[in-house]
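Derivation of every value follows stated rules applied to the coordinates shown; laboratory data play no part. What you see is a predicted model; the values in this text were computed from it and never measured. Don't worry about glycine lacking a Cβ; one is built from the backbone with ideal geometry, like all the others, and counts go over all protein chains shown.
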């Protein structure tokens, strides 16, 4: 009986034996090799556009609720809704953002030329600081001594700063190119609004094939995290930064671009723009007349506190990502990708943190 069973043909065909284990391994290796080769060349083709696509996906996920709301108000006209949101985003980038970046580029360029020529002069110390009791005279003496030594130091280091001009110009070019990056990403995001639901379903099916049965859950979690971080952190920071920069430029505050950039970073890392706005208000009261200083203060104080109102409105739920993760994302993204990474870094790292945390919790529950 056993001999009869062993002599029966296998399921591979009449009289054909089952393939050996080695043959199966070789067959799987060849398939994986061909698949990996196609994946490698596909990634090479996508690589130049990867950051654009990634930021476009972030924008699409963040603005999708606004797009759906506007489409409902327009009677289900999805294309018109996508066009209007795209035009609004382009107007913001081409308008205030471009002006602030141009101001920052101009400030950095002027600083470099001043340092290279050895013509830098420290600002005049306000009189009221020298009149402070106990420490006022010491601060004034230190400021004068530092000014004399600084002038000699700049004159000595000026010629050595010239070779660094290439790096400075490269930085200025990257800042200027950031506007073009945002424009291209916004246009791509505008094209993703209409097919967004179908793409989301495809992403869930793909995730289920990799990490079933929680793939769809992880995709939903990633989308929620992108919306929370991009709107509650990046969105509020951009609004505060834009308002701060516009007021600084309107009131002709020196170094408006640099101050705006510093305020934007402080807002993204959840510290707030007070470290920039408060000293600027103090400087305004010591340098301007009463009326413009009062008007500047009345306008800047609400800007400094507007995040306390906007963040609960723009965030659908509490953000569980620690501030350290956001800070590392800001610093790492800026170092890796420049100004673009300043916005993209915290979003990507926050999504990764949330997915890893959910994956660990899922394993503990099982």
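Can you classify the range 213-366 as rounded, prolate or oblate using the Cα gyration tensor, where a ≥ b ≥ c are the square roots of its eigenvalues, rounded means a/c under 1.5, and otherwise it's prolate if a/b beats b/c and oblate if not?
Judged from the Cα gyration tensor, the range 213-366 comes out prolate (a/c at least 1.5, a/b above b/c).
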- line: The rounded separation in angstrom of the Cα centers of the range 65-79 and the range 228-269 is 30
- prompt: When ranked by the protection proxy of mean other Cβ atoms within 10 Å per residue, highest first, what sequence do the peptides 22-31, 274-283 form?
  reply: 274-283, 22-31
- prompt: Which of the peptides 74-80, 248-254 is most tightly packed, and how do the rest follow, judged by the mean count of other Cβ atoms within 10 Å per residue?
  reply: 248-254, 74-80
